[in-house]
1. If you add up the charges near B:V207, with Lys and Arg at +1 and Asp and Glu at -1, over every other residue whose beta carbon is less than 14 angstrom from its beta carbon, what do you get?
2. Averaged across the residues of A:91-97, what count of C-beta atoms belonging to other chains lies within 10 Å of each residue's C-beta?
3. Return the calculated 222 nm mean residue ellipticity for chain A, to the nearest 500 deg cm²/dmol, obtained by summing -39500 (n - 2.57) across DSSP H runs with n ≥ 4 and dividing by the residue count.
4. Determine the distance separating the Cα centre of region A:92-120 from the Cα centre of region B:223-250; give it in Å without decimals.
5. Collect residues whose amide H, placed 1.01 Å from N in the peptide plane, falls under 5 Å from the amide H of A:M219; neighbours closer than 5 in sequence don't count.
6. How many angstrom lie between the C-alpha centres of region B:163-222 and region B:29-45?
7. With a cut-off of 8 Å between alpha carbons and a minimum separation of six or more residues, what is the relative contact order of region B:97-234 in percent?
8. Taking the mean number of other Cβ atoms within 10 Å as a proxy for protection, how do you rank A:94-107, A:63-76 from highest to lowest?
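What follows draws every value from the coordinates through simple rules; no lab data is involved. These figures come from a predicted structure and were not determined experimentally. Cβ placement follows ideal geometry from the backbone for every residue including glycine, while neighbour counts extend to all protein chains displayed.
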Amino acid sequence: MRLAIRDLDVRFGDRQVVGIDELSLDPGEIVGLAGESGSGKSMTTLAVLGLTHTVGATVRGSITLDGTELTSLSQRDLREVRGRRIAAIFQSPSMSFNPVFRVGSVVHGALRLHGMTRGQAAEAASQAMRQVLLSPSLLDRYPLQLSGGQLQRVAIAIALALRAEVLLADEPTSALDVTVQAEVLELIRDLREREGMSVLFISHDLAVVAELCDRVAIMRNGRIVEQGPASTVLSAPKHSYTADLLAAVPRISSAGTT
Amino acid sequence: MIEAPTPLPTQASALPRGEALRRGLRANPLLVAGAVISVLVVLVAVFAPLLAPYPADAGSATHPFMVLRPPSAQHWFGTDNVGRDVLSRVIYGARVSPVVAVFVLLIACVIGIPLGAVAGYFGGWLDEALMRVTDIFLAFPPLLLALALAAVLPPSLTSLIIAISVTWWPWYTRLIRGQAASVAGRPYVEACRALGIPSHRILLRHVLPNSITPLIVQVSLDFGGVILTVSALSFLGLGAQDPTPDWGLMVAEGQNYFTTAWWVVTFPGLAILVTAFAFTLLGDGLRDLMDPKRIFLR
């Protein structure tokens with residue numbers, strides 16, 4: 001088990017926003033975390049990254065990465081884990097890059113921060129760009145000159161170059177149009193196969209989850225109401241909420257039965 | 001499999017830095033005008049002794065038989081109430097209030113930027129504490145506070161700089177604080193945190209550069225305001241003292257003779273106007289130039 005979440009409890013003051021009994025991620029596994037807006041999906045990613053304090057929430061419980069307890073690490077040690085071992089990509093790629101810097105300087109900065117020399121970083125950046133099927137020359141462009149799909153691939157390239165073990169993908173395709181979305185999903189699947197990366201894929205789009213994920217966890221009001229193999233959960237939901245979610249997505253009725 | 005990415009149209013390709021700047025300047029002649037006049041003011045200040053026809057008149061010289069002469073071939077801007085050449089004094093004036101303004105704005109930035117950035121980025125009690133301090137300063141009308149401070153300190157240009165700086169920095173702290181707080185909530189800052197970038201680096205490399213533009217504009221717009229404040233305090237005898245050729249002081253002194261000798265007030269007044277206007281154009285143009293989106297627009 002690579003990433004294990006147990007008895008996770010995230011609160012804003014007295015209000016509990018996440019209460020997960022158990023959620024785990026094996027090496028090379030893609031687990032989908034699905035649910036409506038406000039169900040605590042994104043707070044779960046923040047908790048795994050150790051960043052809940054930035055939004056004023058408190059965390060209790062246990063989050064382990066290969067047996068290392070993350071919740072007891074200092075911010076200094078957590079910074080080594082973030083990016084280096086647990087990478088994250090976000091919903092709006094075009095806003096996840098500082099408009100002031102060239103794309104390459106963001107990539108290089110991240111690689112150098114995690115211990116690469118200037119030369120190694122340049123080499124690794126170009127190589128990772130090729131791996132995500134982008135021309136390394138795009139590194140000289142500004143974020144505004146790249147499309148959302150291209151930027152999302154650059155974000156994935158950073159995770160690749162740092163050889164992250166876990167990728168937290170927080171609605172990575174929600175802001176992209178359907179064809180670009182398919183490319184990014186293909187890329188994530190590819191990464192799992194070639195690099196053995198584990199992916200926690202957060203989405204409200206059950207069609208995407210059904211297509212990509214090995215296992216699915218359905219979240220509502222901060223709790224996981226149902227989890228299991230994607231095919232089982234999405235074709236024969238046990239919980240009424242899962243059934244409601246499925247019913248709410250018109251496309252899933254045909255996709256789910258195939 | 002994923003298809004190879006199609007290259008972007010060359011139109012949108014990144015321009016070399018110099019070319020982007022040149023295009024920006026060509027598209028904005030007012031910025032160029034502002035910059036040219038600002039540079040001229042600086043040159044006039046630097047080469048005042050060479051440019052002034054009567055350098056001694058910038059000091060305490062008096063010419064009892066040349067009092068209040070209108071503009072002529074010898075005295076282009078006329079003479080003042082003790083017979084000094086107004087042109088020479090206006091030229092030397094470029095060494096007084098603009099220099100005071102530079103120091104005031106520099107001090108206000110040095111204090112205001114770090115405090116505002118820290119307050120906006122970290123928030124919480126630190127933000128509360130710093131903002132309440134600025135509230136105290138902002139509760140007084142700025143001119144009144146500067147007046148009170150200048151009155152306590154011995155009348156000199158240094159006191160003037162201190163007095164105005166003290167009233168000026170809280171504005172910048174608040175401006176930067178608001179910007180930094182909004183930038184701190186943007187996704188790319190979250191992305192930086194998720195990459196494990198330490199806070200101080202996020203603050204310096206990502207938050208500050210994205211927060212500073214309105215401040216740069218504000219500073220250049222404030223340049224004229226500071227010059228006016230300097231003049232007001234000098235007029236009240238709290239800043240520059242008589243022989244000093246301060247533009248504001250000259251306007252104040254010439255006021256008594258305005259009906260009969262318009263040139264004594266007009267030319268220093270014009271100097272203030274032109275200088276303030278030039279820096280305003282400069283600030284406005286800089287704002288356009290520094291908008292990252294602008295670089296790619298044709």
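1. Around B:V207, the charge tally is +3.
2. The shielding value for this peptide is 4.
3. Result for chain A: -11500 deg cm²/dmol, rounded to the nearest 500.
4. 49 Å
5. Amide H neighbours of A:M219, under 5 Å, 5+ apart: A:A34, A:G35, A:V225.
6. 28 Å
7. It rounds to 39 percent for region B:97-234.
8. A:94-107, A:63-76
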